[in-house]
Amino acid sequence: MNNAEYAHLLHKAEGAKQRRGEAWAVSRGEELSVAMGLSQPDWITSMWYTLAEAVDRIGPEWMELVPRVECLLAIEDQG
């Protein structure tokens, strides 16, 4: 996964966080990745996915980015 994909996911997560989960124009995989990065399992279940299904749908490349996004957003919250 490259830095452009990481920056893209981070941007989507920051936008969703600011809008508190309101709809945003992204793919289902991006929605699930953002929900994972923001630790919002209720968003995942509202899309009719289990956590295991979400991980499978996201795939290993994007799933690798989720902890990095979650960590950076947590640091931003502390700052």
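None of the figures in this text is laboratory data; all of them are computed from the coordinates on show. Source: prediction; values computed, not measured. FYI the Cβ positions are ideal-geometry reconstructions off the backbone, even for glycines, and counts take in every protein chain you see.
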**Report entry** trypsin sites (Lys or Arg not before Pro) restricted to the stretch 11-78 and DSSP loop, no more than 16 other C-beta within 10 Å
**Finding:** ARG19, ARG20
Query raised in the report: Within the chain, which complete DSSP H helices have Cα atoms spanning at least 18 Å along the helix axis and a mean Kyte-Doolittle hydropathy of 0.0 or higher?
Result: 51-78
Query raised in the report: Could you put ILE44, ILE75, ILE58 in order, starting from the residue whose Cβ has the fewest other Cβ atoms within 10 Å?
Result: ILE75, ILE44, ILE58
Query - Cα-centre dipole for the chain with unit charges at Cβ (Lys and Arg positive, Asp and Glu negative), debye to 20 - result: 160 debye
Report summary line: With no solvent term and unit scatterers on the alpha-carbon positions of the chain, Debye gives log₁₀ I(q)/I(0) at q = 0.23 Å⁻¹ of -1.09
